[in-house]
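Comments concern the structure below.
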Amino acid sequence: MSKLEPVNITPGVYWVGVIDWNLRDFHGYETPKGGTYNAYLVVDEKIALIDTVKAPFADEMIRKIKQIVDPSKIDYVISNHVEMDHSGSLPAILEHAPNATLVTSSKGQSGLSSHYEESGCKNWNYQVVKTGDTVDLGKKTLMFIEATMLHWPDSMQTYLIEDGILFSNDSFGQHVATSKRFDDEVDDVMEDAAIYYANILMPFGGQVLKYIEKLRGLDIDIKMIAPSHGVIWRNGFEQIIQEYAKWASGKNRSKVLMIYDTMWGSTEKMAMEIAEAVRSKDVEVRLRHLRKNDWSMIIKELMDASVVAIGSPTMNNGMFFTIAGFITYIKGLRPKDKNFFLFGSYGWGGGAVKAMEKEMESARFVLAEESLQVKFRPYEDDLEKCREIGYRLAELAKKNANT
Ligand code: FEO
């Protein structure tokens with residue numbers, strides 16, 4: 001497939017997005033598999049473009065559109081979401097289609113009007129829509145569904161009624177660069193979707209559940225879900241909705257996730273001893289050194305862990321810098337119903353454990369055990385304490401598992 005070829009996904013509907021093979025960092029979120037920005041063209045008596053792509057890829061999207069229609073003939077541009085990976089090429093496409101109506105939510109209009117002043121965004125031809133509003137393209141009809149906080153206040157989705165395609169924008173996406181466009185053509189799609197959910201949508205579990213209820217209530221016949229990142233769900237569209245409902249409910253398995261960093265090996269030794277004690281009780285345990293693992297993957301592993309242990313050496317009287325960054329990250333993601341345990345080591349003066357406790361308490365995370373810290377190196381009596389804690393964490397993981 002040429003990188004400039006559009007893909008016909010059903011009669012009259014085309015993928016005109018782009019593949020970002022070299023994306024490794026999506027605003028701080030590690031993307032080792034790259035990513036895509038998906039835009040879709042619906043060609044009927046009237047023509048609609050659903051979302052655009054990140055600004056540097058505007059020409060590539062427009063060249064794809066030109067293989068199907070003259071861009072000046074586009075009647076509607078649908079902006080489901082203001083964030084720039086989807087709106088970045090709006091100025092470029094609206095230059096080609098100056099008479100197009102820009103359809104967006106109320107907050108979408110306010111967000112777009114603040115983003116693109118140099119492109120005359122205040123004078124764009126907006127049509128503000130809410131859930132249930134439609135745009136008639138001839139034989140095909142677009143219906144809009146507000147998806148507030150999935151994952152921004154402006155977020156909405158577009159449903160193509162006659163073909164049963166839900167253009168879900170960020171929801172149900174995955175960060176993966178692939179020449180394939182459908183879920184049944186790739187491996188590990190559910191794993192990629194889970195990593196994406198954990199890093200992008202985890203804080204909004206309540207809104208995800210409400211949204212799914214709303215979607216069911218609309219009584220629409222979904223045959224395909226076409227997100228703005230990754231592959232299109234033409235096989236697993238029902239399964240991904242069910243997985244979202246499960247992830248959003250905060251289901252935890254009997255699993256202990258141990259996250260740590262280490263300077264001279266003391267905190268790591270404590271982590272290993274605790275982990276071995278957990279394992280000896282037949283409870284799953286995963287050990288993740290923060291400088292040796294992708295954080296986006298660790299966050300996915302955290303999503304269903306019932307117990308999370310965090311270990312830090314003391315550096316300059318406080319937490320190690322990776323631990324501080326990680327705690328800041330999970331404070332924002334607000335994982336549900338976890339039990340935390342903190343541990344660490346210090347040399348001449350302590351500080352890491354106390355600093356971690358302060359951060360975790362300010363986020364109202366539950367600390368299940370009194371924290372443990374050792375001076376210089378963990379000797380046998382310290383290691384015995386680690387083992388005892390590991391046994392208790394294993395029991396706690398079993399007790400708090402709810403799936
Ligand atoms: Fe894919 Fe919220 O942007």
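Coordinate-derived values only; no laboratory data. On a predicted model such as this, the values are computed, not experimentally measured, just so you know. Cβ coordinates were reconstructed from backbone atoms using ideal geometry, including for glycine residues, and neighbour counts include every protein chain displayed.
From the alpha carbon centroid of region 21-67 to that of region 325-385 is 42 Å. Which distance in Å, rounded to a whole number, links the C-alpha centroids of region 205-274 and region 293-312? The two parts, judged by their Cα centres, are 13 Å apart. When region 158-237 is described by a simple charge dipole with +1 on each Lys and Arg Cβ and -1 on each Asp and Glu Cβ, the residue from Thr178, Leu215, His229 located farthest towards its positive end is Leu215.
Using the Cβ-Cβ distance between Thr141 and Arg334 with R0 set to 35 Å, the FRET efficiency from 1/(1 + (r/R0)^6) comes to roughly 0.40. Residue-wise HN-Hα couplings along region 298-303, as the Karplus relation 6.51 cos²θ - 1.76 cosθ + 1.60 with θ = phi - 60° gives them from phi, are 4, 5, 5, 5, 6, 3 Hz; Gly and Pro carry x.
Note on the chain: helix-only mean residue ellipticity at 222 nm, from DSSP H runs of 4+ residues weighted -39500 (n - 2.57) and normalised by residue number, equals -10000 deg cm²/dmol. Residue-normalised convex hull volume from the C-alpha trace of region 253-400: 91 Å³ per residue. Take the Cα of Trp21, go 7 Å toward its beta carbon, and the backbone nitrogen atoms of region 168-185 under 11 Å from that spot belong to 178-179.
Between helix 321-333 and the chain, what is the angle of the helix's C-alpha long axis to the longest principal axis, kept within 0 to 90° and rounded to the nearest 10? Approximately 50 degrees, to the nearest ten.
So what is the relative contact order for the chain, in percent, with contacts set as C-alpha pairs under 8 Å and at least six apart?
About 12 percent, as a whole number.
Extents of region 86-232, largest first, come to 43, 32, 31 Å (Cα atoms, principal axes, whole angstrom). A cut-off of 5 Å between modelled amide H atoms, ignoring neighbours fewer than 5 places along the same chain, links Gln127 with Leu102, Val103, Thr104. Only Lys, Arg, Asp and Glu carry charge here, each on its Cβ (+1 for the first two, -1 for the last two); on that basis region 1-54 has a dipole of about 140 debye about its Cα centre.
For the chain, the antiparallel share of DSSP beta bridges with both residues in that region comes to about 45%.
So what's the angle, to the nearest 10 degrees on a 0 to 90 scale, between helix 380-400 and the longest Cα principal axis of the chain? Helix 380-400 sits at roughly 40 degrees to that axis. Each of Arg63, Arg234 has some number of other Cβ atoms within 10 Å of its Cβ, and from fewest to most they run Arg63, Arg234. Spacing of the modelled spin labels on Met297 and Met84, each 7 Å from Cα toward Cβ, amounts to 2.9 nm. In region 253-400, the DSSP beta bridges split such that about 5 percent are antiparallel, to the nearest 5. For Ser106 and Glu162, the FRET efficiency from 1/(1 + (r/R0)^6), where r spans their Cβ atoms and R0 equals 25 Å, is about 0.40.
The long axis of helix 106-115 is offset from the longest Cα principal axis of the chain by roughly 80 degrees.
Backbone phi angles across region 343-353, fed through the Karplus curve with coefficients 6.51, -1.76 and 1.60 (θ = phi - 60°), yield HN-Hα couplings of 8, x, 9, 8, x, 6, x, x, x, 5, 5 Hz in residue order; Gly and Pro are listed as x.
The modelled label-to-label distance between Tyr391 and Lys122, using points 7 Å beyond Cα along the C-beta direction, is 7.1 nm. Close amide H contacts of Met258 (hydrogens built in the peptide plane, cut-off under 5 Å, sequence separation of 5 or more or a different chain): Arg286, Leu287, Arg288, Ala309. Each label point was placed 7 Å from the Cα along the Cα-to-Cβ direction; for Ile222 and Glu45 their separation is 3.0 nm. Which FRET efficiency, nearest 0.05, do Gln67 and Asn99 yield, Cβ-Cβ r, R0 30 Å? Result of the calculation: an efficiency of 0.90.
Using only alpha-carbon positions in the chain, the gyration tensor eigenvalues give semi-axes of 46, 21, 18 Å once each is multiplied by 5 and square-rooted (largest first).
In plain terms, the C-alpha convex hull of region 206-322 casts an average shadow of 10.2 nm² when viewed from every direction. Built from the Cα atoms of region 1-153, the convex hull projects on average onto 9.2 nm², one quarter of its surface area.
Computed on region 1-92, with alpha-carbon pairs under 8 angstrom and 6+ residues apart, the relative contact order is 26 percent. Taking the charge dipole of region 280-360 about its Cα centre, with +1 at Lys and Arg Cβ atoms and -1 at Asp and Glu Cβ atoms, the residue from Phe341, Val285, Phe326 reaching farthest to the positive side is Phe326. In a reduced charge model with +1 at each Lys and Arg Cβ and -1 at each Asp and Glu Cβ, the chain shows a dipole moment near 680 debye about its Cα centre.
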